[in-house]
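S.K.: I'd like to ask some things about the structure below.
All of the numbers you see were taken from the coordinates with simple rules; none came from a lab. Predicted model only: the values in this text are computed from it and were never measured. Positions of Cβ are backbone-derived with ideal geometry, glycine not excepted, and every protein chain shown enters the neighbour counts.
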Amino acid sequence: MKRLSALFWSLLFLAVPVLGVATFAVAPAYDIWLPKDVSEHGPAVDGLFYFILWLTGAVFIATEGVLFWFIWKYDESKSNGGVKYVHGSHTLEVVWTIIPAAVLLFISIYQMNTWADVKMRRPDMAPTVEVIGRQFEWRLRYPGKDGMLGTPDDLHLVNDLHLPIDEDVLIQLKSMDVLHSFFLPNVRIKQDAVPGMKIPVWFKAREEGVFDIVCAELCGWGHYKMKGRVTFETRESFDRWLEQKYAEQEATQPADSESAAVAKLSPASLLARR
Ligand SMILES: [Cu+2]
């Protein structure tokens, strides 16, 4: 009976690494693995992800294997008498403190270049578009004909982001209310939108397509529906699209240019345009 119980518990613990590894192995076949990447820096980010996954995976399998082996080998039925208590091993503790510390130090140095590319080496250019998180939508503002944000000729849109491929794009990210997280899984971009801050986000998309914009921060009751869409397209069709949206917006403006400017700035007109 005791032998049976040892068998049960050791196999149960062995099932954790076996099923865990199996899940990872079949995930790509069921299309629940990383989403398609179409960005320039994506391979570097994915490379880091896989490196850390393999490293932690190996440690996970080793520790789970040891756990299984100890439960299997040292079960009570095979015990010959009392338990011997030991005080611990100073050497062992030093070793298993220094090894993880060294590994963490290595990872922090190894990832620095990728981090700098994604978060520090900002391209020297004016923002392509301003993205404003708001419960529960993504508001977009493109600079108008004057190429400057914050002027009366800005183009206002909601949830329908378009960006050109094969060139750097710079997004100015803001939040109108609470913390949101601007997540573009297909270009490996995730950045918190923080109230009161203008945060630059940049990347280069390399393929055309329509992908999701997701909010990755639980931002309120409607968080689940805070979904937009990003369309990556060639420069020519991006310019054509901008032109068309601009004309659509102009068509809905009052004829008088001064009242048009005022209307664009008032919150009531922003709401009306939704
Ligand atoms: Cu949100």
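S.K.: For the stretch 143-196 and the stretch 13-34, write down the distance between their C-alpha centroids in whole Å.
M.R.: So the separation of the two Cα centres works out to 36 Å.
S.K.: What is the dipole size for the chain, taken about its Cα centre, with +1 at each Lys and Arg Cβ and -1 at each Asp and Glu Cβ, in debye to the nearest 20?
M.R.: Charge dipole, the chain, about its Cα centre: 1260 debye, nearest 20.
S.K.: Next up: For the stretch 194-209, just list the computed ³J(HN,Hα) in residue order, Karplus coefficients 6.51, -1.76 and 1.60, θ = phi - 60°, integers in Hz, with x standing in for Gly and Pro.
M.R.: 10, x, x, 10, 10, 10, x, 10, 9, 5, 10, 8, 10, 9, 6, x
S.K.: What longest range of the chain stays clear of loop-exposed chymotrypsin sites (Phe, Trp or Tyr not before Pro) (DSSP non-H/G/I/E/B, at most 15 other C-beta within 10 angstrom)? Provide the component values of the computation, followed by the final result.
M.R.: Working: sites that count: Trp33, Tyr74, Tyr85, Trp221.
With a cap of 15 other Cβ atoms within 10 Å, the longest stretch comes to 86-220.
S.K.: Convert 25 °C to kelvin, take the viscosity as 0.890 mPa s, use the Kirkwood radius over C-alpha pairs of the stretch 1-136 as Rh, and evaluate the Stokes-Einstein diffusion coefficient in µm²/s, rounded to a whole number.
M.R.: It diffuses with D of about 122 µm²/s by this estimate.
S.K.: Let me ask another. Nothing charged except the Cβ atoms of Lys and Arg (+1) and of Asp and Glu (-1): what's the magnitude of the dipole of the stretch 124-272 about its Cα centre? Round to the nearest 20 debye.
M.R.: The dipole of the stretch 124-272 has a size of about 580 debye.
S.K.: Could you give the radius of gyration (one decimal) and Dmax (whole number) of the Cα atoms in the chain, in Å?
M.R.: 27.0, 97
S.K.: Also: Considering the dipole of the chain built from charges on the beta carbon (Lys and Arg +1, Asp and Glu -1) around the Cα centre, which of Pro195, Leu242, Tyr224 is farthest to its positive end?
M.R.: After comparing all options, I get Tyr224.
S.K.: In nm², what is the average projected area of the convex hull enclosing the Cα atoms of the stretch 143-199?
M.R.: Dividing the Cα hull surface by four gives the mean projection, 4.8 nm².
S.K.: Taking the convex hull of the alpha carbon atoms in the stretch 124-272, what volume per residue do you get, in Å³?
M.R.: Numbers: hull volume 16.6 nm³, N = 149.
Looking at the stretch 124-272, the number lands at 111 Å³ per residue.
S.K.: Sticking with this one: Assign unit charges at the C-beta atoms only (+1 for Lys and Arg, -1 for Asp and Glu), then state the dipole size of the stretch 1-140 relative to its Cα centre in Debye, rounded to the nearest 20.
M.R.: I would put it at about 520 debye.
S.K.: So, one more: Go ahead and estimate [θ] at 222 nm for the chain from helices alone: -39,500 (n - 2.57) per DSSP H run with n ≥ 4, summed, over the residue count, rounded to 500.
M.R.: Result for the chain, helices only: -14000 deg cm²/dmol.
S.K.: Here's another thing I want to ask about it. Based solely on C-alpha atoms, express the radius of gyration and the Dmax of the stretch 1-68 in angstrom.
M.R.: That works out to 16.8, 60 Å for Rg and Dmax.
S.K.: Can you list the DSSP H helices in the chain whose Cα atoms extend at least 18 Å along the helix axis and whose mean Kyte-Doolittle hydropathy is 0.0 or higher?
M.R.: Values: long enough: 2-26 (35 Å, 1.66); 42-73 (45 Å, 1.29); 90-110 (30 Å, 1.70); 235-251 (24 Å, -1.78).
Within the chain the helices that satisfy the rule are 2-26, 42-73, 90-110.
S.K.: Further, regarding this structure: Quick check for the stretch 124-272: number of Lys pairs with alpha-carbon distance under 19 Å, counting only pairs 8 or more apart or on different chains?
M.R.: Taking the Cα cut-off of 19 Å, the pair count is 12.
S.K.: Still on this structure, please answer the following. For every other residue with a beta carbon closer than 15 angstrom to the beta carbon of Ala126, add +1 if it is Lys or Arg and -1 if Asp or Glu, then tell me the sum. Before the final figure, lay out the partial values.
M.R.: Numbers: positive: Arg122, Arg141, Lys145, Lys198; negative: Asp124, Glu130, Asp146, Asp153, Asp154, Glu167, Asp168.
Its environment carries a net charge of -3.
S.K.: Using +1 at the C-beta of Lys and Arg and -1 at the C-beta of Asp and Glu, which of Ile98, Gln135, Leu155 has the Cα lying farthest in the positive direction of the dipole of the chain?
M.R.: Toward the positive end, the furthest listed residue is Ile98.
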